[in-house]
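Read the structure below first, then the notes.
The values are calculated or read from the model by the stated rules, or taken from the named source; none is laboratory data. No experiment lies behind these values; they were computed from the predicted model shown. Note that each Cβ is placed from the backbone with ideal geometry, even for glycine, and that neighbours are counted across all protein chains shown.
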Amino acid sequence: MSSISIREINKSYGKGTIAALKNINLDVAAGELFGLIGPDGAGKTTLFRILTTLLLPDSGYATVGGYDVLKDIKQIRSSVGYMPGKFSLYQDLSVEENLRFFATVFGTTIQENYNLIKDIYVQLEPFKNRRAGKLSGGMKQKLALCCALIHKPTVLFLDEPTTGVDAVSRKEFWGMLKNLKREGITIFVSTPYMDEANLCERIALIQGGSILSVDTPVNITRSYGEALYAVRSENMPLLQSDLRTMSEIKTCYSFGSFHHVTLQVNGSSKVFELLNSTHPSFEWKEIEPTIEDCFIKLMQHEK
Amino acid sequence: MKQFLSFVRKEFYHVFRDRKTMLLLFGMPIAQILLFGFALTNEIKNTKIVVCDYAHDPMSEQVIAKLEASKSFDVVKQLMSATEIEAAFKADNIKLAIVFPNQLYQELNHNNKATIQIIADGSDPNTATTVTNYATSIIQSYMRDKFPQPDLLQINTEVRMIYNPELKGTTNFVPGVMALVLMLISVLMTSVSIVKEKESGTMEVLLVSPFSALMVVISKAVPYLVLSFVNLIVILLLSVFLLDLPINGSLPLIVFESLLLIITALSLGLMISNITNSQQEAMIVSLMGMLLPVMIFTGFMFPIENMPKPLQVISNIVPSKWYYTIIKAVMIKGVGFASVWKETLVLLGMTLFLLVISIKKFKTRLG
């Protein structure tokens, strides 16, 4: 049974001039840790807001936990947990006051569902009397997660929970999500970080309001379908412009300290020849495609 | 109910933890009451006047004595000739000159009619009117004492000072300031408080919860109702003990009517918060949009009767105008509910209208 199902959702802003979501179809199974991966402005937050009944779609429909997002607003609002992208707790209330407030709003108590948040809350406990506004970024995210979880939601919506959080806290955060999954909570999470995609069970790549692909991270990288190479030399900008002018090279994108390259034809001997003359110390190796490589490829394809 | 209480408690935390809010909430009313009560009164006290007595008969001397005896006037000079009056106005900063004609007493006895000339400094029309009225009333009261038979009364001035015979400025200002303060504080506080949640994003989280719009709106209003009520008590205490303003009517009635105005203002604030998207916007709408109309159309600074007809009509939509009418009547004249039920009904109608609109307009979604 699918916990979230989205059918042909369209949404535009500015009286129809800016399309935010184009014909979105998606199914998330109950208990799944599902990632919505895409850059800023791809339409992730809009989709989250439609699913949490905060926005109305222009057309199409969706259900969350079996409830219709257009009609069963009350049921959805009391059964899901939602953590918006922007830190949205009361900065002038203490950690404990925030948590207690949200527990009461949902008609429960901290004690009742303490086991659910225990692992996360123990880290916050030393600061429980500190105002939420004075917490570090990672701590804020943990508190927000606690507040979104305190009523034991059936579906948890996390909109870019790791944006603006340091690498260690991010890793920790994903660890927490894995634990929550064991409680049977469906988790729908969005992120602009491609490297976090592998931590999800299934992902949807979204760009410009359209879903490019939906599958497990492994299947997505597997479906890349051609050999990918990483190239490096001492003059990276020149290397890129050189590679891009070669007719043998299909694509060349900069990825940190390497350029990721695909070839027009099999065999790289011709390319090596050319590179040897201009970039004598170049490095060349075949690599496994990452989600980001797939994303860029799908994006180009879409265009 | 538990949710509601928890929300109200949270709201109190917000207020008490924000020093600026606290200052605004309690500093502004106190400052305004003191400012209006002491600095901005149009009360006349020890106003300098000169007299020019051509009559020099017992009657003129008695009138002068009576003027001197009043706390309002200070006769600084007796002039020998009316030609010196202008010089006195210019040199001595006097507000009024009173000229007694030659043979005042005889004229009154023979013709049953006499004229005393009152010359005022018209460059300040408000003060001029007030001091003229007061001087006239002193002369009239002298005439009444002297000639109890009404057929002899021939000085025809129609001004009569009732309820405030000493022309105490504060009596008019206090109900006005009460209206102003309660109105501004309540509108400003509530409008900002909801918009604050929109701005900080907490509204987004709050919306995705079982909380109903009605609950949010009501529980936002409750703390400010309580705080405005405290404000009201402070204002009343200050008025009675510091400004010596008597409360002639029933105190429960005053409190009831004030609570009604507070609720009207809270509803207005909620409505503003529903149509604005940032604290700044809400602040501008409630301060700029409210301050001037409330100051002008409440009636305590400028009499509404003197305004052009269209403005008089507009003044009817300002809640504080009705409240001011009620409070002035209850507090100073000491009338009961029977005399103010119509105004009360208007206020009640406004409150219901605004409350329904703000609950209806409450956005249960974003954007």
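Can you tell me how many residues in segment B:212-236 are within 16 Å of B:Val15 (Cα to Cα) and out of contact with any Pro (no Cβ under 7 Å at 6 or more places or on another chain)?
So the answer is 12.
Take the residues of segment A:108-137 that are within 26 Å of the chain's Cα centre (by Cα) and part of a loop (DSSP other than H, G, I, E, B): which is farthest from the other protein chains (Cβ to nearest Cβ)?
Of everything passing the filter in segment A:108-137, A:Ser136 is farthest from the other protein chains (Cβ to nearest Cβ).
If you take the residues in segment B:76-91 that are surrounded by 12 or more Cβ atoms within 10 Å (Cβ to Cβ) and out of contact with any strand residue (DSSP E or B) (no Cβ under 6 Å at 6 or more places or on another chain), which one is nearest to B:Ser123 (Cα to Cα)?
Applying the filter and picking the extreme gives B:Phe89.
Condition check ((1) of a type in the set (A, V, I, L, M); (2) away from chain B (no Cβ under 14 Å); (3) surrounded by 15 or more Cβ atoms within 10 Å (Cβ to Cβ); (4) farther than 30 Å from B:Arg17 by Cα) across all residues:
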position	(1), (2), (3), (4)
A:Ile24	yes, yes, yes, yes
A:Leu56	yes, no, no, yes
A:Tyr67	no, no, yes, yes
A:Phe101	no, no, yes, no
A:Phe106	no, no, yes, no
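Those residues that are over 23 Å from A:Asn10 (Cβ atoms) and either of a type in the set (Gly, Ala, Ser) or modelled with pLDDT under 90 (or both), I need them from segment A:197-216; list them, please.
Across segment A:197-216, the qualifying residue is only A:Ala197.
Within the bounds of segment B:20-43, is there any residue that is of a type in the set (A, V, I, L, M, F, W, C), crowded, with 18+ Cβ neighbours inside 10 Å, over 30 Å from A:Leu93 (Cβ atoms) and in the same structural domain as B:Phe229 (by TED's automatic domain parsing)?
yes
Would segment A:122-133 turn up any residue that is among the aromatic types (Phe, Trp, Tyr) and without any contact (Cβ under 8 Å) to a residue 24 or more places away in the chain?
No, every residue in segment A:122-133 fails to be among the aromatic types (Phe, Trp, Tyr) and without any contact (Cβ under 8 Å) to a residue 24 or more places away in the chain.
Look through B:Ile284, B:Ile332, B:Ile275, B:Ile317 and report the one residue that is in the same structural domain as B:Ile235 (by TED's automatic domain parsing) and in contact with a Phe, Trp or Tyr (Cβ under 7 Å, 6 or more places away or on another chain).
That would be B:Ile332, the only listed residue that is in the same structural domain as B:Ile235 (by TED's automatic domain parsing) and in contact with a Phe, Trp or Tyr (Cβ under 7 Å, 6 or more places away or on another chain).
Criterion first (in contact with a Leu (Cβ under 9 Å, 6 or more places away or on another chain), under 30 Å from A:Leu99 (Cα atoms) and modelled with pLDDT under 85) does B:Leu25 satisfy it?
yes
So how many residues does segment A:275-298 have that are part of a loop (DSSP other than H, G, I, E, B) and surrounded by 11 or more Cβ atoms within 10 Å (Cβ to Cβ)?
Residues in segment A:275-298 being part of a loop (DSSP other than H, G, I, E, B) and surrounded by 11 or more Cβ atoms within 10 Å (Cβ to Cβ): 4 in total.
Only residues that are in contact (Cβ under 8 Å) with a residue 12 or more places away in the chain, part of a loop (DSSP other than H, G, I, E, B) and at the interface with chain B (Cβ under 10 Å from one of its Cβ atoms): list them for segment A:69-99, please.
Those that are in contact (Cβ under 8 Å) with a residue 12 or more places away in the chain, part of a loop (DSSP other than H, G, I, E, B) and at the interface with chain B (Cβ under 10 Å from one of its Cβ atoms): A:Pro84, A:Gly85, A:Phe87, A:Ser88, A:Leu89, A:Tyr90, A:Gln91, A:Asp92, A:Leu93.
Check A:Thr191 against each of (1) farther than 21 Å from B:Tyr13 by Cα; (2) free of Cβ contacts under 8 Å to residues at least 60 places away in the same chain and name the one condition it does not meet.
(2)
Table: residues versus (1) surrounded by 15 or more Cβ atoms within 10 Å (Cβ to Cβ); (2) touching a residue at least 24 places away in the same chain (Cβ under 8 Å); (3) charged (D, E, K, R).
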{"position": "B:Val222", "(1), (2), (3)": "yes, yes, no"}
{"position": "B:Ile235", "(1), (2), (3)": "yes, yes, no"}
{"position": "B:Leu260", "(1), (2), (3)": "yes, yes, no"}
{"position": "B:Ile263", "(1), (2), (3)": "yes, yes, no"}
{"position": "B:Leu268", "(1), (2), (3)": "yes, yes, no"}
{"position": "B:Glu281", "(1), (2), (3)": "yes, yes, yes"}
{"position": "B:Ile284", "(1), (2), (3)": "no, no, no"}
{"position": "B:Leu291", "(1), (2), (3)": "yes, yes, no"}
{"position": "B:Val313", "(1), (2), (3)": "no, no, no"}
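Confirm whether B:Phe297 is assigned by TED's automatic domain parsing to the domain that holds B:Val195 and without any contact (Cβ under 8 Å) to a residue 24 or more places away in the chain.
Answer is no for this residue.
Within segment A:248-264, how many residues are touching a Lys or Arg at 6+ places or on another chain (Cβ under 9 Å) and not hydroxyl-bearing (Ser, Thr, Tyr)?
So the answer is 7.
Let's see how each residue does on (1) in a loop (DSSP other than H, G, I, E, B); (2) at pLDDT 80 or above; (3) out of contact with any helix residue (DSSP H, G or I) (no Cβ under 9 Å at 6 or more places or on another chain):
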{"position": "B:Val63", "(1), (2), (3)": "no, yes, no"}
{"position": "B:Lys66", "(1), (2), (3)": "no, yes, no"}
{"position": "B:Lys71", "(1), (2), (3)": "yes, no, yes"}
{"position": "B:Glu84", "(1), (2), (3)": "no, yes, yes"}
{"position": "B:Ala114", "(1), (2), (3)": "yes, no, no"}
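Among A:Tyr114, A:Tyr121, which is the only one that is within 29 Å of A:Met1 (Cα to Cα) and surrounded by fewer than 22 Cβ atoms within 10 Å (Cβ to Cβ)?
Among A:Tyr114, A:Tyr121, only A:Tyr114 is within 29 Å of A:Met1 (Cα to Cα) and surrounded by fewer than 22 Cβ atoms within 10 Å (Cβ to Cβ).
Tell me the residue from B:Val181, B:Val159, B:Val131 that is modelled with pLDDT of 80 or more, farther than 30 Å from B:Leu260 by Cβ, within 24 Å of the chain's Cα centre (by Cα) and more than 14 Å from chain A (Cβ to nearest Cβ), please.
B:Val131
Look at segment A:39-54 and say how many of its residues are more than 8 Å from chain B (Cβ to nearest Cβ), at positive phi and crowded, with 22+ Cβ neighbours inside 10 Å.
1
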